[in-house]
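So the structure is just underneath, and the comments pick up after that.
Derivation of every value follows stated rules applied to the coordinates shown; laboratory data play no part. This is a predicted model, so every value here is computed, not measured. Positions of Cβ are generated from backbone atoms using ideal geometry, with glycine treated the same way; all protein chains shown enter the neighbour counts.
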Amino acid sequence: MGAGIAQVAAQAGHPVRIYDMREGAAVKAIEGISAQLQSRVQKGKLTSEEHSAILGRIGAAETLQALADSSLIIEAIVEQRQAKQALFSELEALCPATTVLASNTSSISITALAAGMKYPARVIGLHFFNPAPLMALVEVVSGLATDTKLIDCMVATVTAWGKTPVVCRSTPGFIVNRVARPFYAESMRLLQEGASDCATLDALLREAGSFRMGAFELTDLIGHDVNYAVTRSVFDAFYGDFRFQPSLIQHELVEAGFFGRKSGRGFYDYSSTVEKPQPRQLVAVGSPLTCIVEGDLGPAKSLLIRFRQAGISIVERPGEGVLRVGSAVLALSDGRLASQRARDHHFSSLALFDLAHDYSTVTSLGVAFSASTPNEAKQAVVDLLVGAGIKVRPLADVPGLVVLRTVVMLANEAADTLLQQVANARDIDLAMCAGVNYPSGPLAWADRLGADWVVNVLKCLQSVYGEDRYRPSMLLSRIATEGALFHAD
């Protein structure tokens, strides 16, 4: 990570020195940078002259004292508060008061790191995302004592480096590592509840939610030791708030040393002899000619585009926002169990389908059936969706299915982050798109779905589970009541 940041600064024209307490590590880091740049030369993205110029700006420092005349020092050492504080104390004794001391920490309080220092106003967080040369986002994190002029200076610096800065206060997880917790947590809970297998749950987040990776693929890539530690850190920092509760399944993986790709096994087995499991899907046996639409389908209304493109006749009539095919009723999940909703509305056959980022292009949907739904009605639903070019991935009857509960929880946490003035709405959404490649910012997604609709789903989830985990953010409820938007034009 440190080498990546050094490369970014050198590419922007700065003379850079790398220090590592391990003998030979700084030189090895420079060799790694050279190899990275050489691959860009081979691809025609960099000239040999540029390669030489960048490397010419990077040197290895043999001692910490060699950094004493630096204008900006960025630490990227072990993620331990005491180690970082000790390093900053050493640097403060070596450097003039004008030297900016920045931490690349992903979750440790900048306020805490600056506490006790002679010049705490010069301490700031610059949280780069891995790999630093490729990822656009940098969280510029201010502690209680950080000089506001320094924040502006670091935003300008990061921008000049070709990065996308977002400004936030030093609170647990900052923006990304706080708001992203539900993305991992909901999938792990669904797995623990037997909703489906890892491959199916991951496929739905990719194919219906348009996320770059599913939660299990992503945590295997990050490393469960790292991801679990961040979750524990945020959970503990929020005094055990159940919204951030770590997963017992992930804890077991860590205990076993199954850290993911780097250990060869996590949620998936990466042995060369093991084939990656495929997601489940149901098979069509027929092709329906007609579908009845009763009322407004709300967020799922563009699904009708798919049906018409597939040559399925649409009959529209008033109703409560459901589809009918054969003897089956098909509806977008609202956070209730399928069997509960069937009972509430006196449906003898009910199938609930999941949220999609874009129903007009979605390639698969998760579907759950009420206990009373006969096989004939289930098949009619499968035939309808498959006939429109949508793979049907079966799920157990779980509240909120997969994409829906993940998205509303992301929106809820983003709303609380905004409520607590950690960052503004623009920077929260920008951070989630630029930092972890979300298809939409959570607050923009809530605007599109409607805050009142999101709040209703959360209340349904809260009712089913009887847990505070799904409580709606006060700000989200207020936006819903006012009929307002997070991103008002």
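Structural remarks
- Across the options A26, T159, I108, the greatest Cα extent toward the positive end of the charge dipole of region 2-176 (unit charges at beta carbon of Lys, Arg, Asp, Glu) belongs to T159.
- Entry note, region 48-126: relative contact order of 30 percent, from Cα contacts under 8 Å with a spacing of 6+ residues.
- When Rg and Dmax of the Cα atoms in Å is calculated for this entry, the matching label among (1) 27.8, 92; (2) 30.3, 110; (3) 25.3, 78 is (3).
- Shape of region 290-394, Cα gyration tensor, a/c cut at 1.5: rounded
- Across the chain, Cα pairs under 8 Å and at least six residues apart give a relative contact order of 12 percent.
- Ascending count of other beta-carbon atoms within 10 Å, so fewest first, for S52, S271: S271, S52
- HN-Hα J in Hz across region 150-167 - Karplus 6.51, -1.76, 1.60, θ = phi - 60°, x for Gly and Pro: 5, 4, 4, 4, 6, 4, 5, 5, 4, 4, 5, 7, x, 9, 10, x, 10, 9
- Over the chain: helical MRE at 222 nm, DSSP H runs n ≥ 4 each giving -39500 (n - 2.57), nearest 500: -13000 deg cm²/dmol
- DSSP loop GluC sites (Glu not before Pro) with at most 13 other Cβ within 10 Å excluded, longest remaining stretch of the chain: 321-466
- DSSP beta bridge pairing in the chain, given as percent antiparallel to the nearest 5: 35
- Interchain or long-range residues, amide H under 5 Å from Y270's placed H: R265
- C-alpha center-to-center spacing [region 457-489, region 376-416] in angstrom: 20
- Placing +1 on the Cβ of every Lys and Arg and -1 on the Cβ of every Asp and Glu, with nothing else charged, gives region 290-394 a dipole about its Cα centre of roughly 160 debye.
- Angle in degrees between helix 81-94 and the longest Cα principal axis of the chain, rounded to the nearest 10: 30
- Based on C-alpha pairs under 8 angstrom that are at least 6 apart in sequence, region 2-176 has a relative contact order of 19 percent.
- Each of D202, D296, D447 was scored by other Cβ atoms within 10 Å of its Cβ. Listed from fewest to most, they are D296, D447, D202.
- Note on the chain: with charges restricted to the Cβ of Lys and Arg (+1) and Asp and Glu (-1), its dipole about the Cα centre is near 400 debye.
- Put the Cα centre of region 33-101 next to the Cα centre of region 211-240 and the gap is 28 Å.
- Cα long-axis angle, helix 198-207 against the chain (0 to 90 degrees, to the nearest 10): 90
- Cα-based helix-to-principal-axis angle, 425-436 vs the chain, degrees rounded to 10: 90
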